[in-house]
Amino acid sequence: DLTDAPAETLVPLGSISGIVEEDVDNDDVGDEPIEGIMVQLQDATGTVIGTTTTDSTGFYIFYDLPIGIYTVTEENPTNFVDVTDADGPILQGPNDDTDSTILEVPVGPGENVTDQDFVDEELKTISGVVLEDTDDDGEGDDPVPGSTVSLISPEGDVIDSTTTDSDGVFEFTDVVPGDGYKVVQENPPDFTDVTDTDGTTGGTTLSEILVDVSEEDAPDLVFVDELASAAPSGGPTASPT
C-alpha cells in the first residue's frame, strides 16, 4: 500500500504597520500626518528586506512577513527631528524612543502588528537684526555689521555664535523646538545698548532676548545700539554752590 505523505503545514504570514505624524505644538504627540516618508524594514540579521513610503494619512505597512523579529527605521524629512516612536528606552543597547528606529518588533504566525508609530517635529529658525540709533531717538536707523550674537540653550550652554552681516542680520537655523532660549548680543567697541525687542517671555537685560520656539520660528528680533558718546548722561549735573 502507498502511504500518503504528510500534508505540509502552511504558516500564515503577518504584517507590521504604523503612522508617521508631525508634532506641531511641542507636546510630543502627533498632530498631523506626514506623507512621503521613507520607512525601512530589517530582519533579525540587519538585512533590509523592505522599503515603503507613507501615504497621505501618514500610514505605512509591510505585508507577507514570516515569523521573526524585525526592526523598523524611519528617515526623517529635511529639517525635522524625531520626537518619539513606538518603543521606549531599554537598559542596554542602542534602542530608545527618539532615534527614528523601533527595534525588536516580534511577528507571530499571521500576526498583524500595528501602532508602530513615529512622531517628528520641524526644527526652527531664530533670526533678527542689530541696528544703530544714529539720532538718539531710541529707534534703530542703520545696520550694525560684525556684531557677535550667541544662542544660549535653556540650560545655559552656548549652542551657536554668529556675527551680523552687512545688513545687520543674524540667523540661527536647525533649532530644536522649545522655550527658554536666550539670544545674547555683544556690543561692538564704543557701542552701548539702547533697547531690544523680546520674544514671547521677555528679556532680563537690554542685550538679551528670551525666545520661545515651541511652535513657530522666532523672526524679527531687534537689538538697537548707539555710540557711547551719544548715550544720555543718566542724570542732571549738580550746580556748583
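Observations on the model:
- Residues that are assigned to a strand (DSSP E or B), closer than 18 Å to ASP23 by Cα and either touching a strand residue (DSSP E or B) at 6+ places or on another chain (Cβ under 6 Å) or small (Gly, Ala, Ser) (or both), drawn from the range 61-81: GLU74, PHE80
- The set of residues in the range 134-156 that are modelled with pLDDT under 95, under 30 Å from THR84 (Cα atoms) and not small (Gly, Ala, Ser) comprises PRO154, GLU155.
- Test: residue in the range 139-147 that is assigned to a loop (DSSP other than H, G, I, E, B), out of contact with any helix residue (DSSP H, G or I) (no Cβ under 7 Å at 6 or more places or on another chain), exposed (fewer than 14 other Cβ atoms within 10 Å of the Cβ) and acidic (Asp, Glu): yes
- Single unsatisfied condition, GLY178 versus (1) part of a loop (DSSP other than H, G, I, E, B); (2) in contact with a Leu (Cβ under 9 Å, 6 or more places away or on another chain); (3) under 30 Å from GLU35 (Cα atoms): (2)
- Residues of the range 37-60 classified as in contact (Cβ under 8 Å) with a residue 40 or more places away in the chain and outside any strand (DSSP E or B), total: 1
- Evaluation of SER161 against the conditions (1) in contact (Cβ under 8 Å) with a residue 40 or more places away in the chain; (2) under 30 Å from VAL24 (Cβ atoms) shows that the sole unmet condition is (1).
- Selection within the range 94-133 - of a type outside the set (A, V, I, L, M, F, W, C), at pLDDT below 90 and farther than 29 Å from ILE159 by Cβ: GLU104
- When ASP120, ASP115, ASP136 are screened for being assigned to a strand (DSSP E or B), in contact (Cβ under 8 Å) with a residue 12 or more places away in the chain and acidic (Asp, Glu), only ASP120 passes.
- Residues satisfying the stated conditions in the range 98-112, i.e. not hydroxyl-bearing (Ser, Thr, Tyr) and not in a strand (DSSP E or B): ASP99, GLY108, PRO109, GLY110, GLU111
- Among the residues of the range 183-238, those that are buried (at least 18 other Cβ atoms within 10 Å of the Cβ), closer than 30 Å to PHE80 by Cβ and at pLDDT below 85 comprise GLY199, GLY203.
- Candidates in the range 1-22 are the residues that are among the charged types (D, E, K, R) and at pLDDT 95 or above; of these, the one that is surrounded by the most Cβ atoms within 10 Å (Cβ to Cβ) is GLU21.
The values are calculated or read from the model by the stated rules, or taken from the named source; none is laboratory data. This one's a predicted model, so the numbers in the text were calculated from it and none came from an experiment. When we count neighbours, we look across all protein chains shown, and the Cβ atoms used for this are built from the backbone with ideal geometry, even at glycine.
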